[in-house]
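Data first, discussion second: the structure below is written as structure tokens.
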There are 2 protein chains.
Amino acid sequence: MASGEEKFIDMMRALAVDPAARALVDDAAVIAFGNETLIITHDMMVEGVHWLPGQDEADIAWKLVATNLSDLAAKGAEPVGVLLGYMLGPDDARFAQGLGDALSAFGVPLLGGDTVSAPAGGRSHGLTALGRATHRPVPARDGARPGEVLWVTGPVGAAMLGFEALRDGNAGIDTSAYRRPCPRLAEGIALAPLVGAMMDLSDGLLIDAQRMALASQVTLAIDSAAVPVPESLRNSRRREAMAWGDDYELLFTLPPNQRPPCLAYAIGRAEEFCGDSVLLDGAPPKGRLGYWHD
Amino acid sequence: MASGEEKFIDMMRALAVDPAARALVDDAAVIAFGNETLIITHDMMVEGVHWLPGQDEADIAWKLVATNLSDLAAKGAEPVGVLLGYMLGPDDARFAQGLGDALSAFGVPLLGGDTVSAPAGGRSHGLTALGRATHRPVPARDGARPGEVLWVTGPVGAAMLGFEALRDGNAGIDTSAYRRPCPRLAEGIALAPLVGAMMDLSDGLLIDAQRMALASQVTLAIDSAAVPVPESLRNSRRREAMAWGDDYELLFTLPPNQRPPCLAYAIGRAEEFCGDSVLLDGAPPKGRLGYWHD
């Protein structure tokens, strides 16, 4: 797993010594700012990696907003605004339309950004989302404690099915889970005062659970039969869905007797670290855990 | 001038109705945050547009940091930190080195960001810089008033000469003005309580002066002989230097009897709007005013 991305992130970690950076192992930076706490995150999307060539530009814009707001949701933050880094493309008006739809749906203002011409080979965009903490201490990935229950706010695998239908031009299937994810902002705010650890699912349930487990120095034992999946998912693809990303549900732990204040599914438990970060039905999961850039 | 960039920015302006966005006509967003004022900006760099293919990755990183901090300088802001949107490339270690050098030179922490694989055709990076206002009201482009004197903190054209030497492989010429610009942070903080309008020079003196004039609804009358240029610049290229960008000096106005608290050059005067935004030696400048993406 010593990919180029991992090596570069290690170099960045050596620079990110400020406590606000949370050693780059969290969804967002957390900065004391005056008498408030600022939450800030920046995610990019690349053509051919994060979207299919030819995909509706309005959906690309929506997803760029949603994925960044999802990082704020994981911190229980209330969005303050976004800055857009945009590369001019084949249909700027459609992009602007989708951006406006997303900002209006989530009640977030556009504050600024930059617009550039695209190089020949492919486009990419970046978005910075800024939020205000609604609860301190701000939830983090490293707060899971043995004995806590592991929860997820919704199904995993819906984005995978949406992606496949879009790629294959299968018009009979709803692809909105892949194209237009909804950040769990209200859930994040309701959960922030209660959770041990919290994060959003972006790269796959198993790899994201592994990140939470490593940060918290616990083992997360997941019961695969308890993991919610879309009704239309074939049972044989349940394991695959757990390693597919883009679902943007919240993954969190709560004390054993605490009921979540929002719809959520108990999928496992935090235990004393047993030598493996994640157990799936009692054994370390074999094969791919999630998405990782090479 | 109805370029794709301008059309897209017009669409964004329709979305950026929050006063913090300053209608996207300023260098950075200005946000009341708790009992402080937050300044935030995001700029991108694209291979082949903002840097030469094959250029030292450490210089690219430096410039990415410097150009964004220059936007903070224009607001008299003290930097709080940066978030990096990075595309993996041919020499990630050199990039990390240059990034570390710049952050250390300007005393700014890395707070977070994102790393992605590059598409086939070309790379781009984005950087978000976050700062704290040191003076309120925060300086803006729209504050120039008739009678004020127009100043610039340093020469224009140095980046142009550096770019040409680098492109032509001319080893005898110092190219650092193009490769490693220095944001005028200390100057910006010293000037903030005194200026009418202030902005940084990124796209060319004439086009940037035009932006300040339009925002302020005045005419800026520039005396070309008073504009500082590098000693090595041939006099025949003085007009060209005024339309070349990348100099990252501060352009600002002061009341007629106010001396600047830092090194600066008086280059003209703000006047009642006369029908032209910018006059150069008494006449509207002909030809190209600066850099504009198509």
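Computed values, structure above
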| read-out | value |
| --- | --- |
| Convex hull of segment B:215-279 built on C-alpha atoms - directionally averaged projected area, nm² | 5.5 nm² |
| Chain lengthening between B:Ala266 and B:Ala283 when straightened (0.36 nm per residue, less Cα-Cα) | 4.3 nm |
| Calculated on alpha-carbon atoms, Rg and Dmax of segment B:4-133 in Å | 15.5, 46 |
| Lys/Arg +1, Asp/Glu -1 at C-beta; the protein assembly as shown dipole; positive extreme among A:Trp244, B:Gln97, B:Ile267 | B:Ile267 |
| Label-point gap, in nm, between A:Arg136 and B:Asp101 - each point 7 angstrom along Cα→Cβ | 3.8 nm |
| Cross-link reach list, lysines versus A:Lys286, counting only Cα pairs under 24 Å and skipping chain neighbours closer than eight places | A:Lys7 |
| Most positive-pole-ward Cα, B:Pro119, B:His42, B:Met12, against dipole of segment B:4-133 from beta carbon charges | B:Met12 |
| Only Lys, Arg (+1) and Asp, Glu (-1) charged, at Cβ; segment B:4-133 dipole about Cα centre in debye | 200 debye |
| Unit charges on C-beta of K, R, D, E only; dipole of chain B, Debye | 420 debye |
| Loop chymotrypsin sites (Phe, Trp or Tyr not before Pro), segment A:119-226, which have at most 10 other Cβ atoms in a 10 Å radius of their Cβ (DSSP) | none |
| Dimensionless Rg ratio for segment A:141-280, taking C-alpha atoms and the 2.2 N^0.38 Å reference | 1.03 |
| Ellipsoid equivalent to chain A - semi-axes via the Cα gyration tensor, in Å | 29, 24, 18 |
| Label spacing, shortest first and in nm, from A:Leu214 to its equivalents in the remaining copies (7 angstrom along Cα→Cβ) | 4.8 |
| Ranked list, fewest to most other Cβ atoms within 10 Å of each Cβ, for B:Ser232, B:Ser3, A:Ser236 | A:Ser236, B:Ser232, B:Ser3 |
| Ranked list, fewest to most other Cβ atoms within 10 Å of each Cβ, for B:Arg136, B:Arg180 | B:Arg136, B:Arg180 |
| For B:Ala190, inter-copy label distances in nm, listed shortest first [label point 7 Å out on the Cα-Cβ vector] | 5.6 |
| Order of B:Ser277, A:Ser104, B:Ser117 under a 10 Å beta carbon neighbour criterion, fewest first | A:Ser104, B:Ser117, B:Ser277 |
| The protein assembly as shown: equivalent-ellipsoid semi-axes (sqrt of 5 x gyration tensor eigenvalues, Cα, Å) | 46, 23, 22 |
| Spin-label model distance (nm) - B:Ser236 vs B:Tyr291, 7 Å beyond Cα toward Cβ | 2.5 nm |
| Residue-count net charge about B:Val80 - beta-carbon cut-off 14 Å; Lys, Arg +1, Asp, Glu -1 | -3 |
| Cut-off 18 Å, label 7 Å out along Cα→Cβ of A:Asp10, residues of segment B:61-93 by amide N | B:88-93 |
| Nearest-20 debye value, the protein assembly as shown charge dipole, Cβ charges on Lys, Arg, Asp, Glu | 540 debye |
| Nearest-first distances (nm) between copies at A:Tyr291, label 7 Å from Cα via Cβ | 3.2 |
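Since every read-out is calculated from the coordinates, none of them should be taken as a lab result. The structure displayed is predicted, hence computed values, not measured ones. Ideal geometry is used to build each Cβ from the backbone, glycine not excepted, and the neighbour counts take in all protein chains shown.
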